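Beneath this line is the structure, given in structure tokens, with notes to follow.
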Amino acid sequence: MTKLMTLDEVADYLSKPRSWVYGNWKSEQIPFRKVGQSLRCRPADLDRWLDNQGAE
């Protein structure tokens, strides 16, 4: 089972401030899922999202 990334882990991975990730996750379509009250992301989904950035 793959460990889901937290908001802080995603911010570290992207080298962005936590506030930027939280404030822009919907508009940037970062592949978070709500788990209770928390945002979580699969590492593979985040890598796929990164690969597609700039492809538009």
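Can you name every residue in the range 7-56 that is open to solvent by 40 Å² or more (accessible area, probe 1.4 Å) and among the β-branched types (Val, Ile, Thr)?
VAL35
Are there any pairs, at least 6 apart or on different chains, whose C-beta atoms fall under 8 Å, with the first in the range 21-46 and over 15 Å from GLU9 (Cα atoms) and the second open to solvent by less than 60 Å² (accessible area, probe 1.4 Å) and among the aromatic types (Phe, Trp, Tyr), and if so, which?
Here the result reads GLN29/TRP49, each pair linking the range 21-46 to a residue that is open to solvent by less than 60 Å² (accessible area, probe 1.4 Å) and among the aromatic types (Phe, Trp, Tyr).
The values are calculated or read from the model by the stated rules, or taken from the named source; none is laboratory data. Note that the structure is predicted; figures quoted are calculated from it, not measured. Please note: Cβ atoms are built from the backbone with ideal geometry, for glycine as well, and neighbour counts cover all protein chains shown. For the accessible areas, the whole protein counts, side chains as well, though only heavy atoms, and no ligand, DNA or RNA atoms are used. Shrake-Rupley method; radii C 1.70, N 1.55, O 1.52, S 1.80 Å.
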